[in-house]
1. What is the angle, in °, between the Cα long axis of helix 95-107 and the longest principal axis of the Cα atoms in the chain? Nearest 10 is fine, range 0 to 90.
2. Straight-line reach only, C-alpha to C-alpha below 21 angstrom: list the lysines that Lys141 could link to, leaving out same-chain residues fewer than 8 apart.
3. Only bridges with both residues in the chain count here: give the DSSP antiparallel percent, nearest 5.
4. Between the helical axis of 151-163 and the dominant principal axis of the chain, each derived from Cα atoms, what acute angle in degrees is found, rounded to the nearest 10?
5. Could you sort out which of Lys11/Lys52; Lys7/Lys195; Lys168/Lys197 sit more than 18 Å apart by Cα distance in this structure?
6. So what are the ³J(HN,Hα) numbers for segment 58-70, from phi and the Karplus equation (6.51, -1.76, 1.60; θ = phi - 60°), rounded to whole Hz, Gly and Pro as x?
7. Helix 181-197 against the longest principal axis of the chain: what's the angle in degrees, Cα atoms only, rounded to the nearest 10?
8. Mean shadow of segment 8-54, computed from the convex hull of its alpha carbons, in nm²?
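Taken together, the values in this text are just the output of simple stated rules run on the coordinates, not laboratory data. In this text, all values refer to a predicted model and were calculated from it rather than measured experimentally. Methodologically, a virtual Cβ is constructed for each residue, glycine included, from the backbone with ideal geometry; neighbour enumeration extends over all protein chains shown.
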Amino acid sequence: MGILEVKGVGKRFGGLQALGDVNLSVQEQTVHAIIGPNGAGKSTLLNCFVGKLIPDEGSVLFNGQSLLGRTPHEITQMGVSRVFQTPEIFGDLSVMENMMIPCFAKRDGAFRMHAFESVDNESELIEKAEQMLIDVNMVDKRNMNAASMSRGDKRRLEMAMCLVQDPKLLLLDEPTAGMARADTNNTIDLLKEIKEKRDITMAIIEHDMHVVFSLADRITVLAQGTPLVEDTPQNIKDNPKVREAYLGE
Ligand code: ADP
Ligand code: MG
């Protein structure tokens, strides 16, 4: 059984069937990419994992527990974090101040997160945040204003803010959208490092096939709201159905 098990998920928006009978199993400690043309339902599916949307039918289990009907913060507490298409950081604050946001959320009791259970004073929180910045190679930018950084560094900071919560499952919706090639490559390297160093599973939606084929262990191709095929990257590349439906050949 996978860390994330999606069974028979369907979602309609009025008359539009955005998702229909989606079955998907994400295995622990793998990177599972979900690809497909614009409007295929990728973001809708991800939104069903994080409490932003409730499917009309089907089930979504994380570690055997249903995610449906839970609030986004409950889902975060269970160990599922999400990285957005546009980095969700606070531009007016410094890098370190941004890092302290998920940490203080714990201290102030808004969240009770597993990652901070053994931490009981502010200096330990700061230490944990600093260690995370070292891990993502940003500690030298700790006092920089977040708004002034490159898109790649903003993404790096956002990732660090997620990772400091020790998620078990990281969901990424087009993490390199709109990035210059150099920032895209930095993001690929960062995700590879995260994959190697941490006990983490990733489900990634991505348009850029260079990113997908650099990172993914498994790929699901979504077309018109339904998985067309799930396979290894090599088999996906060679699959004539995929070439026709998605790669446009
Ligand atoms: P993708 O992320 O694969 O590009 P989406 O999941 O964003 O696709 O969208 C799938 C389909 O559902 C599209 O036709 C889109 O227009 C529609 N859709 C998505 N969100 C909504 C919504 N909140 N209300 C109505 N239609 C939506
Ligand atoms: Mg989308």
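1. 90
2. Answer for Lys141, where 21 Å is the Cα cut-off: Lys128, Lys154, listed by chain and number.
3. Numbers: 20 of 37 bridges.
If we restrict to bridges inside the chain, about 55 percent are antiparallel.
4. In the chain, helix 151-163 runs at an angle near 80 degrees to the longest axis.
5. Lys7/Lys195
6. x, 9, 10, 10, 10, 6, x, 10, 5, 8, 6, x, 9
7. Taking Cα atoms only, the helix is inclined about 80 degrees.
8. Averaged projected hull area, Cα only: 3.8 nm².
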